[in-house]
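Rule-based calculations on the coordinates, nothing more; no lab input. Worth saying up front: this structure is predicted, and the values here are computed from it rather than measured. All Cβ positions, even for glycine, are placed from backbone atoms using ideal geometry, and neighbour counts span all protein chains on display.
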Amino acid sequence: VIPGWFSEMSPMWPGEAHSLKVEKVLFQGKSDYQDVIVFQSATYGKVLVLDGVIQLTERDECAYQEMITHLPLCSIPNPKKVLVIGGGDGGVLREVARHPTVEHIDMCEIDKMVVDVSKQFFPDVAIGYEDPRVNLVIGDGVAFLKNAAEGSYDAVIVDSSDPIGPAKELFEKPFFQSVARALRPGGVVCTQAESLWLHMDIIEDIVSNCREIFKGSVNYAWTSVPTYPSGVIGFMLCSTEGPEVDFKHPLNPIDESSSKSNGPLKFYNAEIHSAAFCLPSFAKKVIESK
Ligand code: AAT
């Protein structure tokens, strides 16, 4: 450990640790679920850390939040009812709010401290909470989905932390089953699905579960986020049986003139949407054979 630097260490990425120079620690707390830290970094702006793992930095959060949101929402016509699991910082809400057809956004985050800290230290991210369509529930996403009405959502976005700690069940088969149940026919889900470089075993499991459960299409996409382990992170995108969804060819572009208050898009565009589904050969082999 280098004094004055934060190093991200975890058994989920043994033998490596990305480090950021710390200018100042702004918040340190312990919630019922996890350790919460906010620090000012030298080069990536403010950083939110849960249980020693970076959740976002001001500089590169756009790459993650825009992709996890617009990959699903730009792939279906007229999304109206959206559910967000996790995502306590509000960034996914900020992105969902860019879609004028959306009428209602439920969000279920387990940890109120993440919400409060984000409102205090990351106003440009937590701005998502200001949208009147948002209904925030503090609770476990697994329980929330078990009780959700059948066929009620056009899209579910699972902005989850890694499967060590409170998010463990969000990577398991019963959870995906309740997501499928809560979606309308031809509804879509996008879940945080870890790194091609580090977690092919986890990805294989998710893909084979999803192929069993989602009878529409099942796809893996990825994006570059420099402060996430290995610098990339992926998403599992699936649709339920019903109107076909072609994730690789987005049909519902964002009208930026209707979303000025949330600032311009920084990362997402139609070309990067399609490109996100191109896989390196080593991953293509595994994912397409499942
Ligand atoms: N949007 C940026 C990053 C995240 S946030 C993940 C969120 O999921 C956290 O706020 C955490 O409190 C919440 N969470 C964890 N488990 C649950 C659960 N069971 N139900 C509801 N919310 C939950 C993701 C960062 C990815 C990091 C990659 N290394």
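Regarding the chain, what are the three Cα extents along the principal axes, ordered largest first, in Å?
That gives 55, 43, 37 Å along the principal axes, largest extent first.
Rounded, prolate or oblate: which fits the range 103-244, taking a ≥ b ≥ c as square roots of the Cα gyration tensor eigenvalues, rounded meaning a/c under 1.5, else prolate when a/b beats b/c?
oblate
What distance in nm separates the two pseudo spin-label positions at Asn147 and Arg59, each 7 Å out from Cα along the beta-carbon direction?
4.2
Testing the spin-label approximation: label points 7 Å from Cα along Cα→Cβ at Gln40 and Leu265. State their distance in nm.
3.3
Can you list the lysines whose alpha carbon sits under 16 Å from that of Lys119, skipping same-chain ones fewer than 8 residues off?
Of all the lysines, those that pass the test against Lys119 - Cα under 16 Å, at least 8 places apart if same chain - are Lys46.
Rounded, prolate or oblate: which one fits the range 172-290, using the alpha carbon gyration tensor with axes a ≥ b ≥ c (rounded when a/c is under 1.5, else prolate when a/b beats b/c, else oblate)?
Judged from the Cα gyration tensor, the range 172-290 comes out oblate (a/c at least 1.5, b/c at or above a/b).
About its Cα centre, what dipole magnitude does the chain give when the only charges are +1 on Lys and Arg Cβ and -1 on Asp and Glu Cβ, stated in debye to the nearest 20? All intermediate terms of the calculation are to be shown ahead of the outcome.
On the way: 25 positive and 39 negative charges, 53 e Å.
The calculated dipole for the chain is roughly 260 debye.
From the helices alone, meaning DSSP H stretches of at least four residues, give me the mean residue ellipticity at 222 nm for the chain, per-run term -39500 (n - 2.57), in deg cm²/dmol to the nearest 500. All intermediate terms of the calculation are to be shown ahead of the outcome.
Numbers: 9 runs with 79 residues, N = 290.
Rounded to the nearest 500, the figure is -7500 deg cm²/dmol.
Can you list the equivalent-ellipsoid semi-axes of the range 109-186, largest first and in whole Å, using the square root of 5 times each Cα gyration tensor eigenvalue?
24, 17, 10
Which of the lysines could a cross-linker span from Lys284 if the Cα-Cα distance has to be under 30 Å and same-chain partners fewer than 8 positions apart are dropped?
Lys168, Lys173, Lys215, Lys248, Lys266
Out of the DSSP beta bridges found with both residues in the chain, what percent are antiparallel (nearest 5)?
Percent antiparallel among DSSP bridges in the chain is about 60.
Given axes a ≥ b ≥ c from the Cα gyration tensor, I'd like to know whether the range 225-290 is rounded (a/c under 1.5), prolate (a/b larger than b/c) or oblate.
oblate
Viscosity 0.692 mPa s, temperature 37 °C: give me the Stokes-Einstein translational D for the range 4-118 in µm²/s, with Rh taken as the Kirkwood radius over C-alpha pairs.
211
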